[in-house]
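Chemist: Sharing a structure with you now.
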Amino acid sequence: MGFIEAIILGLVQGLTEFLPISSSAHLRIMGEFLPSASDPGATFTAITQLGTELAVILFFRKDIARILSRWFQQFRKPHGSHGEKIDRNHPDVRLGWLVIIGTIPIVLVGYFAQEYIRSTFRSLWLVATVLIVFGIILGIADYLGKRTRALEDMSYGHGITIGLAQMLALVPGVSRSGSTMTAGLALGYTRPAAARFGFLLAIPAVFGSGLYELVHSFGEPNQVFTYTETAVATVIAFFVGYVVIAALMRYIEKRSFLPFVIYRVVLGVTLYVLLSLNVIQPV
């Protein structure tokens, strides 16, 4: 495809990864409007997501360091007043376990559904449908959710439920952040709490997927982008993604997800029209 297209797609990845509008859907759609007019592919999408997840780690570095420290501290043997063992019901310890447990569903389905992820799930008819359907579901959850629970209140049952919701993001158009935020809002969590847990939950899944695709791409013929082009897109996604995640966390402190709901529905309907008129091809 070339450097220019890789740069454009890197920008799109960074701009859309953390918004509940599906970065994979936007990469899939954008590919049809670039000069090459082709799907960037699941491999390119997964690898560039490594850049945006690095942005998550940088933005939430203090939270991540605290959770990791306390999670490991639960296994320590108490030695006087130093290095005291932390109870497993401590919120940070529980969050650590929830990220681990909540990642299991998407790992299992992602591994066993590779054939569908690379083909059936990338149909633009399906992308258009889930953009609309899950956009409406997000709107309902945001409107009806009580938004009273904090991240520290999250139970194992709720964490697993949000982990199951993340699994749906294997279909382009659902949105990883959108699915986890929707589940969190439906369970009564505040918008920042739902977003924060969703971002933390995505770290192991996205890194696992990206590294898996990176390793398996070596020696594979007919790669859409060269390694250099993919690396450039990934770096761009990192810098743009960091700015976007900071802006989003400020935005949802006081505002709703309604603009994103409207955008998803409009994009889905527009995609239906373009497909019906054969302006772009469905696969």
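The values are calculated or read from the model by the stated rules, or taken from the named source; none is laboratory data. Everything numeric in this text was worked out from a predicted model, so none of it was measured. Every residue, glycine as well, gets a Cβ built from its backbone with ideal geometry; the counts of neighbours run over all protein chains shown. Only protein heavy atoms, including side chains, enter the accessible area calculation; ligands, DNA and RNA are left aside. Shrake-Rupley method; radii C 1.70, N 1.55, O 1.52, S 1.80 Å.
Chemist: Contour minus end-to-end for ALA65 and ASN89, with contour as 0.36 nm per residue of separation and end-to-end as the Cα-Cα distance?
Modeler: Working: separation 24, 0.36 × 24 = 8.64 nm, distance 1.81 nm.
Gain on extension, ALA65 to ASN89, equals 6.8 nm.
Chemist: Can you sort SER175, SER155 by 1.4 Å-probe accessible area, starting with the largest? Mind dumping the intermediate values first?
Modeler: Working: SER175 5, SER155 45 Å².
Greatest to least solvent exposure: SER155, SER175.
Chemist: Computing the accessible area with a 1.4 Å probe over protein heavy atoms, can you report the carbon and sulfur percentage for region 192-283?
Modeler: Using a 1.4 Å probe with all protein chains present, region 192-283 comes out at 69 percent carbon and sulfur.
Chemist: Taking 0.36 nm per intervening residue step and subtracting the Cα-Cα distance, what contour gain separates ARG76 from VAL133 on full extension?
Modeler: Difference between extended and current length: 15.8 nm.
Chemist: Rolling a 1.4 angstrom probe over the protein heavy atoms, how many square angstrom per residue are accessible across region 9-50?
Modeler: The answer is 24 Å² per residue.
Chemist: Now for a different question. Normalised by the residues of the chain, what does the relative contact order come to in percent, with Cα pairs under 8 Å and at least six apart?
Modeler: 35
Chemist: With the other protein chains left in place, how much accessible area per residue, in square angstrom, belongs to region 69-161 at a 1.4 angstrom probe? Walk me through the numbers on the way to the answer.
Modeler: Numbers: 5590 Å² over 93 residues.
That works out to 60 Å² for each residue.
Chemist: While we're on this one: Can you work out the FRET efficiency for the pair HIS216 and ILE57, with r the C-beta to C-beta distance and R0 = 22 Å, to the nearest 0.05?
Modeler: 0.40
Chemist: Sorting ILE67, ILE160 by accessible area (1.4 Å probe), largest first, what list results?
Modeler: Most to least solvent-accessible, the answer reads ILE160, ILE67.
Chemist: Follow-up question, since we're still on this one. Considering only C-alpha atoms, what is the centroid distance from region 188-242 to region 261-283, in Å?
Modeler: 25
Chemist: Another one. Treat each spin label as a single point 7 Å out from the Cα along the C-beta direction, and report the SER119 to SER38 distance in nm.
Modeler: Label at SER119, label at SER38, 1.8 nm between them.
Chemist: Considering only protein heavy atoms and a 1.4 Å probe, what is the carbon-and-sulfur percentage of the accessible area of region 90-167? Don't skip to the answer; put the middle values down first.
Modeler: Details: 2770 of 3920 Å².
Whole-percent figure for carbon plus sulfur exposure: 71.
Chemist: Given Cβ point charges of +1 (Lys, Arg) and -1 (Asp, Glu) and nothing else, what value in debye, to the nearest 20, does the dipole of the chain about its Cα centre take?
Modeler: So the dipole magnitude of the chain works out to roughly 1040 debye.
Chemist: Follow-up question, since we're still on this one. Label points 7 Å out from Cα along the Cβ direction at ILE4 and SER256: separation in nm?
Modeler: Modelled inter-label distance: 4.2 nm.
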